[in-house]
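The values are calculated or read from the model by the stated rules, or taken from the named source; none is laboratory data. What you see is a predicted model; the values in this text were computed from it and never measured. A quick note on method: Cβ atoms are made from the backbone with ideal geometry, for glycine too, and the neighbour counts reach across all protein chains shown. We work out accessible area using only protein heavy atoms, side chains counted, and drop any ligands, DNA or RNA first. Shrake-Rupley method; radii C 1.70, N 1.55, O 1.52, S 1.80 Å.
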Amino acid sequence: MPAELLFSGVKPTSTPHLGNYIGALKQWVELQHRYRSIFCIVDLHAITVPQDPKQMLERTLEIAATYLAIGLDPKRNIIFIQSEVHEHAELGWILGTLVKMSELERMTQYKDKAKAKGENVGAGLFNYPSLMAADILLYDTTAVPVGEDQMQHVELTRTIARRFNTTFGETFVVPQSLVQKVGARIMSLQDPTKKMSKSDESALATIMLNDAPDVIRKKISRAVTDSGTGISYDAIEHPAISNLLTIFHHATGKPIKEIEDEFAGKGYAEFKQALAEAVVEMLTPIQNKLNEFKQDPGELMKVLDEGRDKAQEIAAAKLKIVKERVGLGRV
Ligand code: TYM
């Protein structure tokens, strides 16, 4: 087994979207062969914004089923639900005593969400990075594959790990983020200056992994394009087409240059039609598998039970060391 350990997760705030898939999940599938890997459904993070309790568990299980449907192998990886391993919340509290308010105030995700919700944000949203640091540091993680929007949180995790090590003695491995070279930030189909997100007010902006083929076709055909014509990659001058080219690249595996050549002199409509078919082709097998897991949840439950037990064993051993170092409880 390789020494390197990979940890990552998705919040069960909704069905995953194409940005989650291209930015994070798709690279997990490749990386699972090179790293010992732990994939978590981070439900404690989801409740930092209000959730419907009835839908929470349903969404959590849907994300877990998605992990299996995209091809994560439960025999080689640990797959589990964050709230079932209480050590995450406990270490999150301890790390929250080390992180500075000024560091948390700088977090873009907090600033964006706080701005959107005004005064009405919970303290959990502010302290979110302490819990994310706990997720990562509990497992001696070396690599954290995420989209670009999460790099700042991984950077803060590194700072927290170093601070703990300096204060209490060498305890945590300092992890690194792993980000796709192309596709670390998939943009909204309706506004290429905004990242694709679950909470976009326009339903046309985001392709969900479970969108039906016709819905995908409609969203791509209505995607905004840049003024001018030409299908060429230039993220500054043609952000909308560059975003669509990035999606095309991930859906087909073709280099962007090859796609540009293929569509040289052709119109946006033809390009979008081919892109829609490529995305449908990429997502259909995932959707079929997802439905199988939904219809027969037995296997999924077994994976999550085993994952919880394996994760807890590692997490409990690490937390014990942390508590001893900090002087918490009787040893
Ligand atoms: P979440 O649930 O918002 O997103 C899951 C993953 O998808 C990536 N992502 C994107 N990548 C490219 N383009 C986009 N438009 C896009 N939108 C989202 C995210 O970067 C992420 O990798 N805080 C994390 C969850 C988390 C976590 C962790 C991740 C909690 N603990 C420990 C890694 C390690 C989050 O909110 O992801």
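Considering only region 104-141, how many residues are near the ligand (Cβ under 8 Å from one of its atoms) and of a type in the set (Phe, Trp, Tyr)?
Looking only at that region, the number is 1.
Any residue at all in region 142-158 that is away from the ligand (no atom under 12 Å from the Cβ) and assigned to a helix (DSSP H, G or I)?
Yes, region 142-158 has at least one match.
So the check is Cβ under 6 Å with 6+ separation or different chains; which pairs have a first residue in region 5-18 that's over 17 Å from residue 198 (Cβ atoms) and outside any loop (DSSP other than H, G, I, E, B) and a second one that's more than 6 Å from the ligand (Cβ to nearest atom) and among the small types (Gly, Ala, Ser)?
Filtered contacts from region 5-18: 6/37; 6/143.
Take the residues in region 71-108 that are open to solvent by 30 Å² or more (accessible area, probe 1.4 Å) and of a type in the set (Asp, Glu); name whichever of them is farthest from residue 131 (Cα to Cα).
If we take residues in region 71-108 being open to solvent by 30 Å² or more (accessible area, probe 1.4 Å) and of a type in the set (Asp, Glu), then 73 is farthest from residue 131 (Cα to Cα).
Can you name the residue in region 45-59 that is within 12 Å of the ligand (Cβ to nearest atom) and open to solvent by less than 50 Å² (accessible area, probe 1.4 Å) and, of all such residues, is modelled with the lowest pLDDT?
49
Given the residues 227, 232, 197, which is the only one that is in a loop (DSSP other than H, G, I, E, B) and free of Cβ contacts under 8 Å to residues at least 24 places away in the same chain?
Only one candidate passes the filter, namely 227.
Based on what the data block shows, is residue 34 open to solvent by 40 Å² or more (accessible area, probe 1.4 Å), out of contact with any helix residue (DSSP H, G or I) (no Cβ under 8 Å at 6 or more places or on another chain) and not polar (S, T, N, Q)?
So residue 34 passes the test.
When residues of region 149-196 are filtered for being open to solvent by 10 Å² or more (accessible area, probe 1.4 Å), small (Gly, Ala, Ser) and in contact with an Asp or Glu (Cβ under 8 Å, 6 or more places away or on another chain), how many remain?
So the count comes out to 2.
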